[in-house]
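Scroll down for the structure; my scribbles are underneath it.
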Amino acid sequence: MTARPGTTAVTRAEYCVLACAEVWRGAGEVLASPMGTVPALGARLARLTFSPDLLLTDGEALLVGGEPEAGGTGAPEPVTEGWLPYRRHLALVATGRRHVMMGASQIDRYGNQNISCIGDWARPSRQLLGVRGAPVNTLNHPTSYWVPKHSPRTFVERVDMVCGVGYDRAAAAGPSATRYHRVPEVVSDLGVFDFETPDRTLRVRSLHPGVRLEDVRAATGFPLHVPDGDVPHTREPTVEELRLLREVVDPGGLRDREVPPCGP
């Protein structure tokens, strides 16, 4: 059952949370590592609904259950379900038992991601996070991406430095790189994208309601693969999903800080 007409209009941020939650549909008992507010809310919503076996952490060294209020006060303490120090966390990474959703300062048509620097790496104009664990992530377990502001500055023809490995570079490196390499989805404030094309380039999977295809093309620095026929819209949340998101997962409205309200 989708949200009824009488329900308060679904916001763009709520479509983004739902789209991020869908990344973990059917994932089973794996560690969800969402980076960013909207992906974190999506992971919690997924666990409450269609992916109850997901493992979530407190961001430090505990596996947690329960649903403390996001960013609120007087919320119940999370339930500690297990101990996950850094060494054990890395073991999950190396054995493929994690699905991370990272950010991307730049991403290209093949899914190469940059979070390290802008400009020539020897003398960059902007220094960012650094490569971090992106190469290991992309070569060992599913790695999706969240981009809160879809623009040509982020979706670029060529990334300035490769951190997360895309499909073309994994293929060039051979079987040792491609064996476990998978970039399932890229979610932005405009839509959902994947690489389900013969040449493994970015494809429009769905547009969030109110977004036009020409808007996405104008905000992307390279040609997008578009499926034949009408491009579907990101699915509507069910009544229960919307209730959980608004009343349990994020009653404080943190989602609107990352994706400001706009007409769907």
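The values are calculated or read from the model by the stated rules, or taken from the named source; none is laboratory data. Since this is a predicted model, take the numbers as computed values, not measurements. When we count neighbours, we look across all protein chains shown, and the Cβ atoms used for this are built from the backbone with ideal geometry, even at glycine. Surface accessibility is based on the protein's heavy atoms, side chains included, excluding ligands, DNA and RNA. Shrake-Rupley method; radii C 1.70, N 1.55, O 1.52, S 1.80 Å.
Taking the criterion of being among the hydrophobic types (A, V, I, L, M, F, W, C), within 20 Å of Arg217 (Cβ to Cβ) and either open to solvent by less than 10 Å² (accessible area, probe 1.4 Å) or part of a helix (DSSP H, G or I) (or both), the residues of region 138-185 that qualify are Val147, Phe155. Do the conditions hold for Asp215, that is, is it among the acidic types (Asp, Glu), surrounded by 18 or more Cβ atoms within 10 Å (Cβ to Cβ) and closer than 18 Å to Phe155 by Cα? No. Listed by first and then second residue, the pairs linking a residue in region 192-206 that is in contact (Cβ under 8 Å) with a residue 12 or more places away in the chain to a residue that is acidic (Asp, Glu), with Cβ atoms under 7 Å apart and 6 or more places separating them unless they lie on different chains, are Val192/Glu185; Phe193/Glu185; Arg203/Asp194; Arg203/Glu196; Arg205/Asp194.
Of all residue pairs spaced 6 or more apart or on separate chains, those with beta-carbon atoms under 8 Å, a first member in region 243-264 that is farther than 12 Å from Val17 by Cα and a second member that is at pLDDT 95 or above and aromatic (Phe, Trp, Tyr) are Pro264/Tyr15. Hey, any hits in region 1-16 for a residue that's buried (at least 17 other Cβ atoms within 10 Å of the Cβ), aliphatic (A, V, I, L, M), modelled with pLDDT under 95 and under 15 Å from the mean Cα position of the chain (by Cα)? Scanning region 1-16, I find no residue that is buried (at least 17 other Cβ atoms within 10 Å of the Cβ), aliphatic (A, V, I, L, M), modelled with pLDDT under 95 and under 15 Å from the mean Cα position of the chain (by Cα), so the answer is no.
How many of the residues making up region 20-31 are surrounded by fewer than 24 Cβ atoms within 10 Å (Cβ to Cβ) and either hydrophobic (A, V, I, L, M, F, W, C) or more than 20 Å from Gly191 (Cβ to Cβ) (or both)?
Taking region 20-31 as the starting set, the residues that turn out to be surrounded by fewer than 24 Cβ atoms within 10 Å (Cβ to Cβ) are 22, 25-31.
Within this subset, residues satisfying the condition of being either hydrophobic (A, V, I, L, M, F, W, C) or more than 20 Å from Gly191 (Cβ to Cβ) (or both) are 26-31.
Final tally of qualifying residues: 6.
Taking the conditions (1) over 28 Å from Val64 (Cβ atoms); (2) outside any strand (DSSP E or B) in turn, Arg132 satisfies each one other than (1).
Among the residues of region 191-198, none qualifies, meaning not one is open to solvent by 20 Å² or more (accessible area, probe 1.4 Å) and assigned to a strand (DSSP E or B).
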